[in-house]
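The values are calculated or read from the model by the stated rules, or taken from the named source; none is laboratory data. Note that the structure is predicted; figures quoted are calculated from it, not measured. Because the Cβ atoms are built from the backbone with ideal geometry, glycine has one as well, and the counts that use them run over all protein chains shown. Surface accessibility is based on the protein's heavy atoms, side chains included, excluding ligands, DNA and RNA. Shrake-Rupley method; radii C 1.70, N 1.55, O 1.52, S 1.80 Å.
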Amino acid sequence: MPAAPAYRPEPRFFDLGADYGDAVEAAAFPENRLRFRNDRAAATVGLETLTDAEWVAYFGRFEPLPGQPGPVAMRYHGHQFRTYNPDLGDGRGFLAAQVRADDGRLLDLGTKGSGTTPWSRGGDGRLTLKGGVREVLAAEMLEALGVPTSRAFSLIETGEELQRGDEPSPTRSAVLVRLSYSHVRFGTFQRAAYIGRPDMIEALVEHARSLYHRDVTAGDTPGFLRAVVEASARLAARWVAAGFVHGVLNTDNLNVTGESFDYGPWRFLPHYEPGFTAAYFDQFGLYAFARQPEAVFWALTQLGGALKTVADAEPLTDALNGFGPAYIRELRTAFAARLGVVSLGEAADQRLLDTTLALLRQGGEALRWEPLFHDWFGGFASSARALGGPRGKLYQGEAFDAFRLALFEHEPDRPERLEHPVFAAAGPEEMLIDEVEAIWAAIDDGDDWRPFHDKVARVRRAGEAWRLSGG
């Protein structure tokens, strides 16, 4: 049983009623083999003391946790690659529980691959084991890099053989549970607007405002949108600073808390490449690396359109117009944090941002994204380490001189972090696709999970050194 009193059930989404979701049951899987349990995340919601058998019962067979009413498949619509789809909803997942975390936040336990629902649209409701492994790795890396993200909570192999067009088949199956701040999507509001229910939109605004944006006054719909815009701008900026490409920024994959979730064809940049895409089916680069802020803003305008049914257009437009300034501000902050230096204000921080990108652009394939931040973390305090390291010869020329000048304007932020052994390594912890595929190959070919668990441990160690989470 969950530990008391730290485990605090609070199933608030269910208060909205049957118009917002459907009661469902999880699939009965032939096997439940626990492959990953995130005790670090579980400790924040009082569930780390569960035995493995209890863990499988709650997150493999989905027996309801105490105080939880049972799974609900959430209803929503969304634009998929800018084409509206009214037939979405939780098609292979559900909201399993909501709990209060140790920091007071309300968190969701949501699933992926837990079986069919009324919104499965002919799909099997399953998740491949490879997809689950990839989501764990993405979430762990993003958390370490300080990106607002859901956390992979549990991964259980379920013993089925799945047929997929984008993986060698048959392939192994799994069910994933993620711990996330909210699963209320932009598409949740779009659905209410589509079916002509302004009362549902008003209820959703108040629900999300009261739980996630408490600084907004009750009834202030433009203020609510402004809060979502700010959170989304911060998320987009953190993605870019991390060199991350989500891959599928549809309006059903963006939520009201500005927290990244539902990782499918994600990638991290090998090197600076604005047009780098993650999804093989993104043939026109709609969600390419440098277009992610544009994609997020476009999605926000769709949310604003839904809210226009209950609020005046002009203040909603004003809220949306705040995205650009907020994004640039957050991008400056994110790059300073990634370089481990203290902000000096708008002008100096903008010089640092511009010169960092210029150096990465000039460096091309020779200068990978993550190693630059590893080498120069802490600013001038890392000069000898960077110039004497394996990439020292890359740091020369006009672009580098401008970068170094801008960087050295800034004082190191908590320079004691450089004492961590992570910075004594020749290179940083990365999450590039070749390594991800090698980790999966070890699992697929020989059921060898050591590279996977070793990678998670190394990423967490790097995150401890960077200490960027929440920063």
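Details
Residue-wise test of (1) of a type in the set (Lys, Arg); (2) closer than 19 Å to residue 150 by Cβ; (3) not in a loop (DSSP other than H, G, I, E, B).
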{"position": "264", "(1), (2), (3)": "no, yes, no"}
{"position": "275", "(1), (2), (3)": "no, no, no"}
{"position": "281", "(1), (2), (3)": "no, no, no"}
{"position": "285", "(1), (2), (3)": "no, no, no"}
{"position": "296", "(1), (2), (3)": "no, yes, yes"}
{"position": "299", "(1), (2), (3)": "no, yes, yes"}
{"position": "310", "(1), (2), (3)": "no, no, no"}
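- Scanning region 124-151 for residues that are free of Cβ contacts under 8 Å to residues at least 60 places away in the same chain and assigned to a loop (DSSP other than H, G, I, E, B) yields a count of 1.
- Qualifying positions in region 1-33 - in a strand (DSSP E or B) and open to solvent by 50 Å² or more (accessible area, probe 1.4 Å): 9, 23, 33
- Of all residues in region 34-71, exactly one satisfies the criterion of being in a loop (DSSP other than H, G, I, E, B) and among the aromatic types (Phe, Trp, Tyr), namely 62.
- Residue within region 108-123 that is closer than 30 Å to residue 467 by Cβ, in contact (Cβ under 8 Å) with a residue 40 or more places away in the chain and either open to solvent by 20 Å² or more (accessible area, probe 1.4 Å) or among the hydrophobic types (A, V, I, L, M, F, W, C) (or both) present: yes
- Search result, residues across region 152-171 that are in a strand (DSSP E or B) and either buried (at least 22 other Cβ atoms within 10 Å of the Cβ) or acidic (Asp, Glu) (or both): 152, 153, 154, 155, 156, 157, 158, 160, 161
- Any hit, region 447-461, residues being charged (D, E, K, R), open to solvent by less than 60 Å² (accessible area, probe 1.4 Å), in contact with a helix residue (DSSP H, G or I) (Cβ under 9 Å, 6 or more places away or on another chain) and farther than 26 Å from residue 155 by Cα: no
- Wholly enclosed helices (runs of 4 or more DSSP H) of region 326-412 bearing at least 1 residues open to solvent by less than 50 Å² (accessible area, probe 1.4 Å) and β-branched (Val, Ile, Thr): 346-363
- A count restricted to region 34-48 and to residues that are of a type in the set (S, T, N, Q) and buried (at least 21 other Cβ atoms within 10 Å of the Cβ) stands at 1.
- Residue within region 88-101 that is part of a loop (DSSP other than H, G, I, E, B), polar (S, T, N, Q), under 24 Å from the mean Cα position of the chain (by Cα) and surrounded by 20 or more Cβ atoms within 10 Å (Cβ to Cβ) present: no
- Of the helices (runs of 4 or more DSSP H) lying entirely inside region 177-256, those containing at least 2 residues that are under 30 Å from residue 63 (Cβ atoms) are 186-194, 198-212.
- Taken together, the residues in region 367-408 that are touching a residue at least 40 places away in the same chain (Cβ under 8 Å) and on the phi < 0 side of the Ramachandran plot amount to 16.
- One residue stands out among those in region 226-235 that are closer than 22 Å to residue 291 by Cβ and among the hydrophobic types (A, V, I, L, M, F, W, C): the one that is surrounded by the fewest Cβ atoms within 10 Å (Cβ to Cβ), which is 231.
- Sub-7 Å Cβ pairs linking a first residue in region 88-107 that is on the phi > 0 side of the Ramachandran plot to a second residue that is open to solvent by less than 10 Å² (accessible area, probe 1.4 Å) and among the small types (Gly, Ala, Ser), at least 6 apart or interchain, are 89/73, ordered by first then second residue.
- The C-beta contact set for region 409-438 (first residue in contact (Cβ under 8 Å) with a residue 60 or more places away in the chain, second residue surrounded by 16 or more Cβ atoms within 10 Å (Cβ to Cβ) and of a type in the set (Asp, Glu), distance under 7 angstrom, 6+ apart or interchain) comprises 430/370.
- Lone unmet requirement of (1) in contact (Cβ under 8 Å) with a residue 60 or more places away in the chain; (2) open to solvent by less than 20 Å² (accessible area, probe 1.4 Å) for residue 247: (1)
- Residue match in region 130-147 (condition: open to solvent by 10 Å² or more (accessible area, probe 1.4 Å), under 29 Å from residue 20 (Cβ atoms), modelled with pLDDT of 95 or more and of a type in the set (Lys, Arg)): no
- Among the residues of region 21-74, just one is among the polar types (S, T, N, Q), over 18 Å from residue 94 (Cβ atoms) and touching a Ser or Thr at 6+ places or on another chain (Cβ under 8 Å), namely 38.
- Qualifying residue in region 423-445 (condition: surrounded by fewer than 16 Cβ atoms within 10 Å (Cβ to Cβ) and among the aromatic types (Phe, Trp, Tyr)): no
- With respect to being under 19 Å from the mean Cα position of the chain (by Cα) and open to solvent by less than 10 Å² (accessible area, probe 1.4 Å), residue 192 falls outside the description.
- Lone unmet requirement of (1) at pLDDT 95 or above; (2) more than 25 Å from residue 463 (Cβ to Cβ); (3) open to solvent by 60 Å² or more (accessible area, probe 1.4 Å) for residue 71: (3)
- Residue within region 15-22 that is at pLDDT below 95 and on the phi > 0 side of the Ramachandran plot present: yes
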